[in-house]
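Enquirer: There's a structure below that I have some questions on.
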Amino acid sequence: MKALFEQAGIKIEKEQEFQALKQSIERLLSPALIEKFFTKLEKKNVRIREFEKVLDLKLMESVDETLAKAGKSAKELYDSLPVTDRGQVRELYLTKIEEVGSDLRQKYHKLYSYY
């Protein structure tokens, strides 16, 4: 039996910024926005696991209107976090993209490929 991933219990130091990024990731990977997000990644030739590149190119706020209206970019929020919070945001993102259904993963297989 495959063991499920369990996140370590590390306290979040900057809860507001962390929650803003977490909620944006959840919106991006929701049925309403996921294909729009994946299409943006394809157009910019960004692999799904290149989280820092997603931040640098402002791809999260280009799809997530709620984040876009928040006043700070995803990169600014991320950069304001201490290293431990950044690691947890990155881990959350990587975990969530692996939970995407096989139909979408197959449709956007190039995003998930390593090369």
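Enquirer: Cut-off 14 Å, label point 7 angstrom out along Cα-to-Cβ of Asp103: give me the residues of region 28-67 whose amide nitrogen falls inside.
Expert: Taking a point 7 Å out along Cα→Cβ of Asp103, the residues of region 28-67 whose backbone N falls under 14 Å are 31-32, 34-35.
Enquirer: Pull up the cross-link candidates among the lysines for Lys22, meaning alpha carbon to alpha carbon under 21 Å and not fewer than 8 places away within one chain.
Expert: Filter leaves Lys11, Lys14, Lys36, Lys40, Lys53, Lys58, Lys69, Lys72, Lys75, Lys96.
Enquirer: Residue by residue, what Karplus-based ³J(HN,Hα) values in Hz, rounded to whole numbers, does region 35-46 have, using 6.51, -1.76 and 1.60 with θ = phi - 60° and x for Gly and Pro?
Expert: Rounded to whole hertz, the list is 5, 5, 4, 4, 5, 4, 4, 4, 4, 8, 6, 10.
Enquirer: Then there is this: How big is the Rg/Rh ratio for the chain, C-alpha atoms only, Rh by Kirkwood, two decimals?
Expert: 0.96
Enquirer: Just to check I understand the Karplus step: with θ = phi - 60° and J = 6.51 cos²θ - 1.76 cosθ + 1.60, what whole-Hz values come out for region 14-30, glycine and proline as x?
Expert: In residue order, the calculated couplings are 10, 4, 4, 5, 4, 5, 4, 5, 4, 5, 5, 4, 5, 5, 4, 9, 7 Hz.
Enquirer: For region 37-115, give the magnitude of the charge dipole about the Cα centre (Cβ charges: +1 Lys/Arg, -1 Asp/Glu; no others), in debye to the nearest 20.
Expert: Using Cβ point charges on Lys, Arg, Asp and Glu, region 37-115 gives about 300 debye.
Enquirer: Take the alpha-carbon centre of region 90-110, take the same for region 10-84, and report the distance between them in whole Å.
Expert: Result: 15 Å between the Cα centres.
Enquirer: Divide by every residue of the chain the summed helix terms, -39500 (n - 2.57) for each DSSP H run of at least 4, and state the resulting mean residue ellipticity at 222 nm, rounded to the nearest 500 deg cm²/dmol.
Expert: Here the helix-only value at 222 nm equals -16500 deg cm²/dmol.
Enquirer: Starting from the Cα-Cα distance between Leu57 and Lys72, subtract it from 0.36 nm times their residue separation and give me the gain in nm to one decimal.
Expert: Value of the extension gain: 4.0 nm.
Enquirer: Could I ask something else about it? Which FRET efficiency value, to the nearest 0.05, do you get for Arg47 and Lys14 by plugging their Cβ-Cβ distance into 1/(1 + (r/R0)^6) with R0 = 35 Å? Intermediate results must be reported in sequence, preceding the final value.
Expert: Numbers: r = 27 Å, r/R0 = 0.78.
In this case the efficiency is close to 0.80.
Enquirer: Next up: With r as the distance between the Cβ atoms of Asp79 and Thr39 and R0 = 35 Å, compute the FRET efficiency 1/(1 + (r/R0)^6) and round to 0.05.
Expert: Efficiency at R0 = 35 Å is approximately 0.85.
Each value in this text was obtained by applying a stated rule to the coordinates, not by laboratory testing. Computed from a prediction, not measured in an experiment: that's the story for all the values here. Every residue, glycine among them, receives a Cβ derived from its backbone with ideal geometry; neighbour counts consider all protein chains shown.
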